[in-house]
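Only the coordinates and a few stated rules stand behind these numbers; no lab work does. Predicted model only: the values in this text are computed from it and were never measured. So basically every Cβ, Gly included, is an ideal-geometry build from the backbone, and we count neighbours across all protein chains shown.
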Amino acid sequence: MNPLLEQEYLDKIRVGKEKAKKYYDSGDHENASEEYQKCSKYCEILVKKTEDETKKKDYYNAFEKFVDASAKLKKMKTVVGSETTRTREETETEEGFEPYIRENLMHRNKETLPSWADIGGLEETKNTIKESIVLAYARTPEKVEIEGWRNILLFGPPGTGKTLLAAATAQGLDAAFFNVKAGQVLSKYYGESPKIVNALFEVARAESPAAIFFDEIDSIALSRCAEIDEATRRVLSSLLTELDGMSGTEKFVLFLASTNTPWDIDDAVISRFEKRIYVPLPDDDARRSILRIQLENKGFVFDDYDWLVEKTDGYSGRDIKVLCKEGAYIMVRELNPGVADVADAGLEEIKRFEIRTRKVDRGDFEKAFLRMKPASTGDMVKQYEEWNDMFGAL
Ligand SMILES: Nc1ncnc2c1ncn2[C@@H]1O[C@H](COP(=O)(O)OP(=O)(O)OP(=O)(O)O)[C@@H](O)[C@H]1O
Ligand SMILES: [Mg+2]
């Protein structure tokens, strides 16, 4: 079995277990049971796909445990009044899920969203999105119909700016921005999620112009395991129906989805996306702009960019952000050795304390490099590139 894929399922199981535990702790046994059931499904896949006999046995044991736990929890009633239950009851007013969507998934505050200028590199991607917006709004000659792109899939390694792009789109459009983590919605309203998906598009149309950002779409659009459960299948089908109904409507709703694992997604979903854009690790120029965003724009003086650009080959935008934070922190600590002691002197004293700074230099970054490594490996990058060659569409 492909080790990357195996790791992916193990990660899913780990996350599922954590979620189940949280549900259990809050008294929501029903959702806890569902989470364990999902974990059992992942184990089942691992049992089928693993060649290693010892591992097979371990996965099978885990499978049995999850099935057992899920069954037990199913029999226990959800404790009424627990946090999750209450949210659900509150939400299910006459207006259905609308209040939940407006309160929890919608961002109206333009000022708090990043802008195009906050994104280094990705020029072509930015242009594709901007074009869609212009084509949707600009006037065309009589009888000429030009439609921009309404569904865009962003895929690529973690930390390369996918979420950032979606947020900047909403900021640039002055649009209502719906930020939806697919897995979250699915597990929170398990069983009723198809209704939430419909409600989401309805609210977005009402608020038009709007951008819906569907993060981690792979968590609901898995293709590999034909064994995906009924509830997930229903969410998927309501999403497909919404996507089919999008073009040609008067209201402008841009649907952006993102994933780190495009190869896991169902073909029917992939084919719905008019644009499938690879958001790769930043090249030299992009790294230079991200470094400037992270240092210069934050007031730090640094003048060895050529060197740092070369040293950060293979780093994602998020890696670079962390690296710059680390470098600056090393400089600050060196210049303010007693800084921790000030904490004991009380808030007034802390507020009076002025942090000294100097230029950040090569030495600071050399130390920072020792403390961190990039999140993506060459092998992973190759996998994205291969998928992009076959299915990407910019
Ligand atoms: N191209 C970029 N320009 C500037 N900053 C970036 C860029 N890419 C990433 N970053 C920095 O890294 C952080 C994480 O990026 P973002 O959340 O957009 O990654 P992502 O692609 O959505 O990752 P994931 O796949 O893990 O969700 C951003 O908040 C930003 O600070
Ligand atoms: Mg993201």
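Just a few scattered comments:
- Helix-only mean residue ellipticity at 222 nm for the chain, each DSSP H run of n ≥ 4 adding -39500 (n - 2.57), per residue, nearest 500: -17500 deg cm²/dmol
- Each Lys and Arg contributes +1 and each Asp and Glu -1, all at the Cβ; summed about the Cα centre of the chain, the dipole is approximately 580 debye.
- Peptide ranges 233-239, 211-217, 111-117 listed from the most packed, as the mean C-beta count within 10 angstrom indicates: 211-217, 233-239, 111-117
- Look at the alpha carbon pairs under 8 Å that are at least 6 residues apart: their mean separation over the length of region 1-74 gives a relative contact order of 33 percent.
- Residue-normalised convex hull volume from the C-alpha trace of region 284-375: 104 Å³ per residue.
- Distance between the modelled labels on residue 366 and residue 342, one decimal in nanometres: 2.8 nm (7 Å Cα→Cβ projection).
- Translational diffusion coefficient of region 231-360 (Stokes-Einstein, Kirkwood radius from Cα pairs, 25 °C, 0.890 mPa s): 126 µm²/s.
- From the C-alpha gyration tensor of the chain, square roots of 5λ in Å: 36, 30, 25
- Equivalent-ellipsoid semi-axes of region 95-134, from the Cα gyration tensor, Å, largest first: 29, 14, 8
- Evaluated over region 3-75, the Cα radius of gyration and Dmax, each in Å: 12.4, 39
- Computed on the chain, with alpha-carbon pairs under 8 angstrom and 6+ residues apart, the relative contact order is 16 percent.
- Above-threshold pairs, the threshold being 25 Å between Cα atoms, out of 311/359; 17/75; 311/351; 19/65; 110/351: 311/351; 110/351
- Euclidean distance of C-alpha centroids, region 281-358 and region 125-166, integer Å: 33
- Per-residue packing, averaged as other Cβ atoms within 10 Å, sorts the ranges 378-387, 321-330 into the order 321-330, 378-387, beginning with the highest.
- Packing, as the average of other Cβ atoms within 10 Å across residues, places the peptides 152-163, 336-347 in the order 152-163, 336-347, highest first.
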